[in-house]
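I have placed the structure first, in the form of structure tokens, so that the comments after it can refer back to it.
Derivation of every value follows stated rules applied to the coordinates shown; laboratory data play no part. This one's a predicted model, so the numbers in the text were calculated from it and none came from an experiment. Counting neighbours? That spans all protein chains shown, and the Cβs are built from the backbone with ideal geometry, glycine included.
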Amino acid sequence: MDFLIKEGLKASQLIQVCFDVSDAETKSREIRGMVEGLNYFDLSKGTIITSDYFHEEIVDGKMLRYVPLWYWLLEN
């Protein structure tokens with residue numbers, strides 16, 4: 001987990017940044033860290049910012065959303 005966004009004292013969003021998730025080992029490491037963080041902060045979804053990858057998947061009951069940086073910047 002690279003960034004934690006809070007609303008007041010409560011965690012509201014986790015963000016992981018990974019340039020390239022095409023390597024299976026890298027993607028697995030990023031997913032593992034994100035799911036651990038989501039479990040710790042009792043959140044149901046997280047965002048993984050990438051260079052050019054769009055995807056959504058559910059891992060261990062948690063929604064992981066992959067978006068390119070440019071897209072994330074435009075929507076926020």
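Brief remarks on what is shown
- Our analysis of the chain gives Rg over Rh at 0.95, with the two radii drawn from alpha carbon positions and Rh computed by the Kirkwood formula.
- Taken one residue at a time, the phi angles of the stretch 21-28 give Karplus couplings (6.51, -1.76, 1.60, θ = phi - 60°) of 9, 6, 7, 4, 5, 5, 4, 4 Hz. Gly and Pro are set to x.
- Taking a point 7 Å from the Cα of S22 along the Cα-to-Cβ direction, the residues of the stretch 29-61 with backbone N closer than 14 Å to it are 51-54.
- Cleavage-rule hits (chymotrypsin sites (Phe, Trp or Tyr not before Pro)) in the stretch 2-76: DSSP loop, at most 14 neighbouring Cβ within 10 angstrom: F19, F54
- Taking amide H atoms as placed 1.01 Å from N in the peptide plane, the amide H of V17 lies under 5 Å from those of D2, I49, each 5 or more residues away in sequence or on another chain.
- Under 14 Å, Cβ to Cβ, from T47 - net charge with Lys/Arg +1 and Asp/Glu -1: -2
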